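Worksheet: the structure to be examined is printed underneath.
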Amino acid sequence: MGRKKKHEEHENHERWLVSYADFITLLFAFFTSMYAMSSVNEGKFRILSESLGIAFNPSLYTSTRVQEGPRFVKEQRSNVAYEFKDMYTNNYQKIQTALKDLEKDKKLTFIVDEQRITIRISESMLFDAASDELLPGALPVLDEVASVLKDLPNQIRIEGHTDNIPVSTPRFPSNWDLSSARAIKILKYFAGSHRFDPRKLSALGYGEYRPVDSNDTPSGRVRNRRVDITVVNGDAGY
């Protein structure tokens, strides 16, 4: 009796259709989600953005989970921007509104980032050269700043800065001494004249070592001679 011939197994040339169908389904789901989110508020858009971020780059997120309504999303490792926006935007707007006339007159400048709100005041508005004695015209400016900052729960840090031209007097043998003395003078004025909680205040002198402009030009040195009064984000530390 002759052997039956084995049927040859035919190679399946249509397996790619399964992957292609999955890909089309994913595309459909993605564009449907984008269309659905086209008219929603910022909060919902952020949730979608974070969810997509988790899907495409899970290493950017920790495993900690936080609840947002009925959904759970992974918490972003560096979430300072959202915290700052939620907790400090109102403070910034309050400070800016209260002191907008001083800013308009170029008596101070506002800088805001993820860690602090900074009120920057030029040396010429506060002190004579190589001195830590407050000028009479400095007091109204500091009074307005103090009235806005006094009731904030945040830490207030006062930073003195100079240019890189050495100062050498019996009272101030270095720029460090001068910048520190100026910061302490304003701290004492806030604590004594405006009854700030001393536990919220600190003073630092950086000398010439944190310039905001080049010390090679007169205008740059003017910008570097300053006092920065900062409202510190609680996560920024010291």
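The values are calculated or read from the model by the stated rules, or taken from the named source; none is laboratory data. Only a predicted model underlies this, so the values are computations on that prediction, with no experimental measurement involved. Virtual Cβ from ideal backbone geometry, glycine too; neighbours counted across all protein chains shown.
For segment 191-224, give me each residue that is of a type in the set (S, T, N, Q) and assigned to a helix (DSSP H, G or I).
SER193, SER219, ASN224
Any residue in segment 159-176 that is in the same structural domain as ASP132 (by TED's automatic domain parsing), among the small types (Gly, Ala, Ser), without any contact (Cβ under 8 Å) to a residue 40 or more places away in the chain and more than 17 Å from LEU142 (Cβ to Cβ)?
Just the residues of segment 159-176 that are in the same structural domain as ASP132 (by TED's automatic domain parsing), to begin with: 159-176.
Filter again for among the small types (Gly, Ala, Ser), leaving 160, 168, 174.
Remaining after also requiring without any contact (Cβ under 8 Å) to a residue 40 or more places away in the chain: 168, 174.
Then drop every residue that is not more than 17 Å from LEU142 (Cβ to Cβ), which leaves 168, 174.
Yes, segment 159-176 contains a residue that is in the same structural domain as ASP132 (by TED's automatic domain parsing), among the small types (Gly, Ala, Ser), without any contact (Cβ under 8 Å) to a residue 40 or more places away in the chain and more than 17 Å from LEU142 (Cβ to Cβ).
Could you give me the residue pairs with C-beta distances under 7 Å whose first residue belongs to segment 124-138 and is of a type in the set (D, E, K, R), whose second residue is surrounded by 15 or more Cβ atoms within 10 Å (Cβ to Cβ) wherever it lies, and which are 6+ apart or on separate chains?
The qualifying pairs are ASP132/LEU178; ASP132/ALA181; ASP132/ARG182; ASP132/LYS185; GLU133/PHE127.
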